[in-house]
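Q: Structure incoming, see below.
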Amino acid sequence: MAKIKKMHGIIPPLVTPLSKPDRVDRAGLRRLVNHVLKGGVHGVFVLGSTGEFPSLTPSMKRAVIETAVEEVNGRVPVYAGVSDPSYLQVIKNIELVERIGGDAVVALPPFYYPLGGDELVDFYGRVASNSRLPLLLYNIPSLTKTHLDHDIVVRISANERVAGIKDSHGDMTYLQGLLQHFKNRPDFHVFIGVETLIAEAVLFHGAGGIPGGANIAPDLFVNLYNAARKRDFKTVDRLQAQVIYLNNLYRHGRFWSSYLKGVKTALSLMGICSDQMTGAFDRFHEPERAAIRKEMKQMGLI
């Protein structure tokens with residue numbers, strides 16, 4: 001466990017390497033951890049959307065947390081997703097992360113049944129009060145169908161254990177509103193999950209980014225973060241173009257899962273882990289793999 005002095009920087013939401021649809025590839029996860037750490041990231045986040053958490057069994061989730069905490073070995077903080085439609089299961093997930101030695105937890109609002117504002121404030125208040133670890137809120141309404149409005153986030157943030165938010169909404173106006181409200185709250189950290197908006201977020205004093213592309217090119221995002229912090233606009237412009245090009249890897253399909261498949265395909269081409277998906281998803285076929293291979297060669301990634 002690495003005590004978090006300040007939440008900041010690039011924190012990749014790690015994919016979950018699999019050897020079979022129902023088996024975590026621990027060796028692949030160790031390679032991935034060391035790959036992103038070599039790239040200079042400031043933390044790792046397991047069991048997020050990129051990690052296919054809704055499709056993993058409890059034993060698979062335990063294996064992911066155990067392997068990540070063991071391999072990181074205190075070098076950077078380990079953030080672990082604890083999301084579930086059941087409040088009781090969220091609390092059990094937090095207890096598991098605490099026992100294994102994670103450093104912070106990340107929680108979506110309960111999904112399936114929509115909740116009202118007062119219910120969301122109550123839910124997160126109870127979650128935070130039952131956690132010894134810092135809690136990050138997670139806003140991704142495209143998947144949860146629940147949006148954490150500004151006023152709700154402000155009310156939730158009154159709990160001292162609530163350390164910040166990961167916003168994957170993709171609405172820059174919403175993000176700027178968060179950043180404006182919390183600009184004088186150094187204890188509340190606003191992260192952006194949409195990687196093409198990292199530069200803007202950091203320039204407006206955001207804490208950093210949690211980009212899926214950092215699984216593939218961690219140094220690209222670390223360099224972008226550093227350039228934005230220094231307000232080196234020439235470098236930001238150059239690196240932003242590379243981030244936009246990297247996004248092509250995730251656009252070889254019609255559905256949200258194409259993003260997951262694109263990241264795992266890229267990692268398989270780099271020899272880090274296989275492109276095995278959880279049971280609900282097919283892998284990309286050769287035409288998509290060939291296109292991704294070509295794009296990665298053009299970027300110098302393979």
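Q: Does residue 13 satisfy the condition of being free of Cβ contacts under 8 Å to residues at least 12 places away in the same chain and not polar (S, T, N, Q)?
A: Spelling it out, it is not the case that residue 13 is free of Cβ contacts under 8 Å to residues at least 12 places away in the same chain and not polar (S, T, N, Q).
Q: Still on this structure, I have one more. Quick one: in segment 5-30, of everything that is surrounded by fewer than 19 Cβ atoms within 10 Å (Cβ to Cβ) and under 18 Å from the mean Cα position of the chain (by Cα), which residue is nearest to residue 195 (Cα to Cα)? Can you show your working first?
A: Of all residues in segment 5-30, those surrounded by fewer than 19 Cβ atoms within 10 Å (Cβ to Cβ) come to 5-6, 8, 19-23, 26-27, 30.
Pick out the ones that are also under 18 Å from the mean Cα position of the chain (by Cα) and you get 6, 8, 30.
On the way: 6: 21, 8: 15, 30: 24 Å.
Among them, the one singled out is 8.
Q: Filter segment 99-127 for residues that are within 20 Å of residue 46 (Cβ to Cβ) and either within 19 Å of the chain's Cα centre (by Cα) or exposed (fewer than 14 other Cβ atoms within 10 Å of the Cβ) (or both) and give the result.
A: Across segment 99-127, the qualifying residues are 99, 101, 102, 103, 104, 105, 106, 107, 108, 109, 111.
Q: Being surrounded by 15 or more Cβ atoms within 10 Å (Cβ to Cβ), in contact with a helix residue (DSSP H, G or I) (Cβ under 7 Å, 6 or more places away or on another chain) and not β-branched (Val, Ile, Thr) is the requirement here; does residue 279 meet it?
A: No; evaluated as a whole, the condition is false for this residue.
Q: Let me ask something additional. Of all the helices (runs of 4 or more DSSP H) wholly in segment 217-302, which have at least 1 residues that are at pLDDT 95 or above and more than 19 Å from residue 28 (Cα to Cα)?
A: It comes to 218-230, 233-246, 286-299.
Q: May I ask you to verify whether residue 166 is over 29 Å from residue 98 (Cα atoms) and out of contact with any helix residue (DSSP H, G or I) (no Cβ under 8 Å at 6 or more places or on another chain)?
A: Judged against the criteria, residue 166 is not a match.
Q: Return only the number of the condition from (1) surrounded by fewer than 22 Cβ atoms within 10 Å (Cβ to Cβ); (2) within 18 Å of residue 142 (Cβ to Cβ) that residue 262 does not satisfy.
A: Unmet for residue 262, out of (1) surrounded by fewer than 22 Cβ atoms within 10 Å (Cβ to Cβ); (2) within 18 Å of residue 142 (Cβ to Cβ): (1).
The values are calculated or read from the model by the stated rules, or taken from the named source; none is laboratory data. Keep in mind the model is a prediction, meaning the values are calculated, not measured. Counting neighbours? That spans all protein chains shown, and the Cβs are built from the backbone with ideal geometry, glycine included.
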